[in-house]
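Below: the structure, in structure tokens.
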Amino acid sequence: MRFFNMMVGVVCALAIGASAAQAPAADPVKVGAVLSLTGSASSLGDPELKTLEMMVDQTNRAGGLLGRLVELVHYDDGSEPGKANVLAKRLIEDDKVDMLIGGTTTGASMAMYPLIERAQIPFISLAGALVIVEPVKRWMFKPAHHDRMVGQRVMLDMKARGYTSIAMLSDTSGFGQSARKEMLNVAQKVGITVAVDETFNPKDTDVTTQLAKIKNTPGVQALFVVTFGQGAVVVTKNIAQLGIELPHYETSGVATREYIRLAGPAAEGVRLPAPVLMVAADLPDSDPQKKLSVDYVREYESRYQTDVSSFGAYARDAWHIWVNAVTQARSVDKAKVRDFIENTTGLPGTSGMINMSPQDHLGLDISALKIVTVRNGKFAIAD
Amino acid sequence: MLPELLQFILSGMTLGAMYMLSALGFSMIYNASGVINFAQGEFIMVGGMAASFLSAAGVPLPLACVAGVMIAGLVGGLVERMAVAPARDAEVASIIIITIGVSMILRGLTEILLGKRPHALPHFSGEAPLALLGATILPQSLWVLAAGALIVLGLSLFFGRTRIGKGVLATSYDRLAAQLVGVDVRRVLTLSFALSAVIGAVGGVVIAPISTVAYDTGMMLGLKGFVAATLGGLGSGPGAVFGGLFLGLIEALTAGYVSSAYKDAVPFVLVFIVLVLRPQGLLGAKPTDRI
Amino acid sequence: MTHHPDQSLPRSRQSISGPILGPGSRRVVGLAALAAVVALLPLLLPNAFYFDVAIRIAILAVNGIALNLLMGYTGQISLGHAGFFGLGAYGSAVLTTHFGWAPLPALLAAAGLTAVIAWGVARVILRLRGHYLAMATLGLGIIISIVLGNEAAWTGGPDGMPVDGFSLFGLTLSGERQWYWVFGGLLIATVILAQNLIDSPAGRALQALHGSETAASVAGIDVGRRKIAVFVLSATVSAMLGSLSAHYSGYINPGIAGFLQSVELVIIVVLGGMASIYGSIFGAVVMGLLPQILAGYEGWDSVLFGVILVVTMIFLPRGVVPSLATRLRSAGVTGKGGAAC
């Protein structure tokens, strides 16, 4: 063991001598993450953790950050916001992390926020709801479009295609209910009537009852399903079963190839707003988002032998926002890093070009959300 | 309006058949041992997961299904031998905690061994829906209904015609007396766990193509099964059948005609009302207090 | 369902050992030890996170003792007790947020409302027995959490809602260190309350209920009324605790009233030992610490936790504290016997 340490020391000394680079200092930079790795939101939290672990390895292989290695400390909140609160306290007080990523769910992120503000530590939430960034919370940022934007994007597409009366089917999770509220607001603003507004439990094994109601409501021109994961698969299969011919919209929550694989042919023709990640190969080479998206997909899929999802991509963007800020700040000082995160400008990510400001802790506009559709078992840019 | 109602009923029956299988498992164990097995939902999950995993690994579908059910049966028997039998003389509350512990172990092991992602089985006979008076039903739903009917039939033959089945019944009436007339009570109890795991797993396997299955699908189905079993009367076979189908129908009709937001509350409100009016469940025998 | 009359066994042993250390003085010793632990613990806690864990243990312990009064001393199982905790928490949150009430009146109103609901429910469901009662209480808890999740306009829906800090007479409690004394004090107060209740004539009647209800009513005890009283008391204590902990954590969601939370409380009671106050505290310590210890082993945490539950219940079926106490006592007896020889 001692021999091994000595060898490491010798190698390090040689490396320093050769490159005159800073040697990784003794204590690493610590990033804390509270994610939902089990429970109802685990299908979101799992790719987030996988991505973060991959990012840490990438950063360390490239020489770390500010010459220090980066260490990820992560805990599972079991999809219970109450637990997220304790774990955030643990990361801040006991593990003494330099920044926090996470809150897979909005409930968890909001439950953690009072502590974040007290501890004054930069926090990038991976959750979906508008409330994360509006009103602006000084220490909390968000790398992915919120549910109101997703709703706006869908409703704009519906308007453009001439649908004015639609049916909505949302799940009863936090994701579904927060999104439902926003979607109803947006619909009213753009002049779309929500003729049927149904809900279902994401654990339901059969949703044909709600769908039959929608099918039999006269005048409905399109169907908007607000959910993610397993629930979306069940709904999609049930739609095919009932032979519902309405144009079928989903949210960005189903932008994963796993959805297409599990739902099978029933997923054909589904339209959804998605980060460009899913269709990155189809983008022109000049698009700044293309290379990084393609790279992320390739590395993730070869490392884990599993499909990427938009949730993992959010974690990727969160990581880059933070690394970018730390690099500019030349320090992990919490207040400085926060300021630089807030000043992120022109940073390309999988969700779009990120331009944050003191008034906008999201920094994305709606144009970065592309409407994609499932064609021949693959996501493709619609129209 | 009629096709709509028919669609609600078909949906409710499929759901109900699933609840029924879960409830039958509860009742069987309750009958034989007086234990409410909170790991019942996990048996459903284990069956579905094992079959999906084997099928994905290239095992032919029928074989994968049978193997999935057998694995769950084995797990059921092991659970009884290793966790429940050693605590036979413990209080009811302690045994409830044991079954909760078992469900955590099964859920955790499945997560570690098979991952967290949902799995699906191929549909047994195609995905083309069948039309019925303006409503549609998946061939797979017919499989669910048929599996439910076969199991009910099989159980009634088992209890009515076979020696070991009668032994189980005898044990449920009076454990000591059964022992005295030569029933191997130990074996009967292990068997009842294995059998109820098999029943649950059949449900898990036939529903997996429709709903997909993941390591955490068991709890909700288990809870609904408990509700169904209580509605019908704990320990009553016909009660479990009736309770399961009734619960499925009521849930579908509530979602259809009243409020889909509150449909999950309906089973619990219902069981509340039924218990207040008829404390032994709809088809249960009136309990007597032992002094 | 098998019924075990040996439940009263350890209590009779307690009274045998009475002359050595009377029940009264043993109570004082236990209480003094608890107070000492609560008072000295802060010296050992390095940072706010550990204070937070201690606070959460105290919350679990008070809730566990409340439920133990019901389960341990009247033999009524409840699989929906977190529902009452949730009613208190949301009652306070809604009254302070939407109606601008001060925290203390909101707490009292929420507790009062919960008491009324618990009374109404108890009147109809406490006629049920065993697993049927378990089912009814389970249903009650789930209904409460579904309502909290659905009425988003008031409760913020499944994502939950923020709650302001607790202030009284212009002073606001802030930080784990201040809250620690609130919950520590509450724990001691609850233990005193529970002990007084158990040793009162009414309490002795309660214990008789668990032994045999029929015998108790033959002995002229109004079984029904006593059961309802304990149910209401237990629910009200949980509701007040819910209010305080909502103010403490600053953000609540319907999960706090959910089935898993109720199960956690039952585990605390049964693991520590039915009818044992210090058992519930022990159970709360285990339930509060284990998730933190196992936090790094995602997936395995559920397995390990399950194994601990199963193994404890097999080897110490009456719960850790009563089982160990009995063993210690009988070991003491044989030890003395040996010395006499």
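The values are calculated or read from the model by the stated rules, or taken from the named source; none is laboratory data. The shown structure was predicted, so the numbers you read here are calculated from the model rather than taken from an experiment. FYI the Cβ positions are ideal-geometry reconstructions off the backbone, even for glycines, and counts take in every protein chain you see. With ligands, DNA and RNA removed, areas are computed over all heavy atoms of the protein, side chains included. Shrake-Rupley method; radii C 1.70, N 1.55, O 1.52, S 1.80 Å.
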Checklist entry - So which residues in segment A:174-186 are touching a helix residue (DSSP H, G or I) at 6+ places or on another chain (Cβ under 6 Å) and in contact (Cβ under 8 Å) with a residue 24 or more places away in the chain? => result A:G174, A:S178, A:A179, A:E182, A:M183, A:V186
Checklist outcome for this item: Checked pairs for segment A:50-65, first under 25 Å from A:S310 (Cα atoms), second open to solvent by less than 40 Å² (accessible area, probe 1.4 Å) and polar (S, T, N, Q), C-beta under 9 Å and 6 or more apart or across chains, list as A:K50/A:T306
Next on the checklist: Quick check on segment A:26-41: of everything there that is at pLDDT below 95 and open to solvent by 10 Å² or more (accessible area, probe 1.4 Å), which residue is farthest from the other protein chains (Cβ to nearest Cβ)?
Outcome noted: A:A26
Checklist entry - Can you tell me how many residues in segment C:187-223 are over 19 Å from the mean Cα position of the chain (by Cα), open to solvent by 30 Å² or more (accessible area, probe 1.4 Å) and of a type in the set (A, V, I, L, M, F, W, C)? => result 6
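Every residue, every condition in (1) within 21 Å of the chain's Cα centre (by Cα); (2) away from every other protein chain (no Cβ under 14 Å); (3) not aromatic (F, W, Y), yes or no:
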site: C:R225; (1), (2), (3): no, yes, yes
site: C:M240; (1), (2), (3): yes, yes, yes
site: C:G273; (1), (2), (3): yes, no, yes
site: C:I277; (1), (2), (3): yes, yes, yes
Checklist outcome for this item: Note on segment B:77-135: residues within 21 Å of A:K237 (Cβ to Cβ), within 21 Å of the chain's Cα centre (by Cα) and outside any loop (DSSP other than H, G, I, E, B) are B:H119
Checklist entry - within 19 Å of the chain's Cα centre (by Cα) and small (G, A, S) - does that describe any residue in segment C:169-186? => result yes
Next on the checklist: So A:I244 ticks every box in (1) open to solvent by less than 10 Å² (accessible area, probe 1.4 Å); (2) touching a Leu at 6+ places or on another chain (Cβ under 8 Å) but one. Which box is left unticked?
Outcome noted: (1)
Next on the checklist: Could you list, ordered by first residue, the pairs with Cβ atoms under 6 Å in which the first is in segment A:112-127 and charged (D, E, K, R) and the second is assigned to a loop (DSSP other than H, G, I, E, B), at least 6 apart or interchain?
Outcome noted: A:E117/A:W139
Checklist entry - Quick check: is even one residue across segment A:229-238 open to solvent by 10 Å² or more (accessible area, probe 1.4 Å) and either more than 11 Å from every other protein chain (Cβ to nearest Cβ) or not in a helix (DSSP H, G or I) (or both)? => result no
Checklist outcome for this item: Checking A:V279, A:V294, A:V323, A:V270 in turn, the sole residue that is closer than 30 Å to B:P209 by Cβ and not assigned by TED's automatic domain parsing to the domain that holds A:V220 turns out to be A:V279
Checklist entry - Has segment A:284-305 got any residue that is acidic (D, E) and in contact with a strand residue (DSSP E or B) (Cβ under 8 Å, 6 or more places away or on another chain)? => result no
Item to check | Residues of segment A:211-258 satisfying the condition of being closer than 12 Å to A:F200 by Cβ and not hydrophobic (A, V, I, L, M, F, W, C) | outcome: A:K213, A:T227, A:Q230, A:G231, A:N238
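Residue-wise test of (1) assigned to a helix (DSSP H, G or I); (2) facing chain B (nearest Cβ under 10 Å).
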{"position": "C:W101", "(1), (2)": "no, no"}
{"position": "C:A110", "(1), (2)": "yes, no"}
{"position": "C:I117", "(1), (2)": "yes, no"}
{"position": "C:Y132", "(1), (2)": "yes, yes"}
{"position": "C:A153", "(1), (2)": "yes, no"}
{"position": "C:P158", "(1), (2)": "yes, no"}
{"position": "C:F183", "(1), (2)": "yes, no"}
{"position": "C:A189", "(1), (2)": "yes, no"}
Checklist entry - For B:D216, all conditions in the list (1) open to solvent by 10 Å² or more (accessible area, probe 1.4 Å); (2) in contact with a Leu (Cβ under 6 Å, 6 or more places away or on another chain); (3) touching a residue at least 24 places away in the same chain (Cβ under 8 Å); (4) facing another protein chain (nearest Cβ under 8 Å) hold save one; what is the number of the exception? => result (2)
Checklist entry - So is B:M28 in a helix (DSSP H, G or I), crowded, with 24+ Cβ neighbours inside 10 Å and not basic (K, R) or not? => result yes
Checklist entry - Which of (1) open to solvent by 10 Å² or more (accessible area, probe 1.4 Å); (2) assigned by TED's automatic domain parsing to the domain that holds A:M140; (3) touching a helix residue (DSSP H, G or I) at 6+ places or on another chain (Cβ under 6 Å) is the odd one out, the single condition A:V308 does not satisfy? => result (1)
Checklist outcome for this item: Requiring at least 2 residues that are within 19 Å of C:P158 (Cβ to Cβ), the helices (runs of 4 or more DSSP H) wholly within segment A:123-227 are A:147-160, A:174-190
Checklist entry - From the list B:V227, B:V258, B:V269, which one is within 9 Å of chain C (Cβ to nearest Cβ), under 30 Å from A:Q230 (Cα atoms) and surrounded by fewer than 21 Cβ atoms within 10 Å (Cβ to Cβ)? => result B:V269
Item to check | First in segment C:287-300 and over 15 Å from A:L37 (Cα atoms), second anywhere and at pLDDT below 85 and crowded, with 17+ Cβ neighbours inside 10 Å, Cβ under 9 Å, 6 or more apart | outcome: C:L290/C:D301; C:I293/C:D301
Checklist entry - Just one of B:L5, B:L63 is open to solvent by 30 Å² or more (accessible area, probe 1.4 Å), at pLDDT below 95 and more than 26 Å from B:D174 (Cβ to Cβ); which is it? => result B:L5
Item to check | Those residues of segment C:172-184 which are in contact (Cβ under 8 Å) with a residue 12 or more places away in the chain and of a type outside the set (V, I, T), in sequence order | outcome: C:L173, C:G175, C:E176, C:R177, C:W179, C:Y180, C:F183, C:G184
Checklist entry - From the residues in segment C:38-52 that are under 12 Å from C:G184 (Cβ atoms) and either within 14 Å of chain A (Cβ to nearest Cβ) or not in a helix (DSSP H, G or I) (or both), which one is most open to solvent (accessible area, probe 1.4 Å)? => result C:L45
Next on the checklist: Please count how many residues of segment C:165-179 are in contact with a helix residue (DSSP H, G or I) (Cβ under 8 Å, 6 or more places away or on another chain) and more than 17 Å from C:A106 (Cβ to Cβ).
Outcome noted: 4
Item to check | All positions within segment A:144-162 that are more than 13 Å from A:L369 (Cα to Cα) and either touching a Leu at 6+ places or on another chain (Cβ under 9 Å) or open to solvent by less than 30 Å² (accessible area, probe 1.4 Å) (or both) | outcome: A:M158
Checklist outcome for this item: Of A:A84, A:A111, A:A88, the only residue that is buried (at least 23 other Cβ atoms within 10 Å of the Cβ), in contact with a Pro (Cβ under 7 Å, 6 or more places away or on another chain) and assigned by TED's automatic domain parsing to the domain that holds A:E53 is A:A111
Item to check | Condition met for C:V321 (within 30 Å of A:L37 (Cα to Cα), modelled with pLDDT of 90 or more and of a type in the set (A, V, I, L, M)) | outcome: no
Checklist outcome for this item: By my count, strands (runs of 3 or more DSSP E) wholly in segment A:304-383 with at least 2 residues that are closer than 23 Å to A:D157 by Cβ are A:352-354, A:370-375, A:378-381
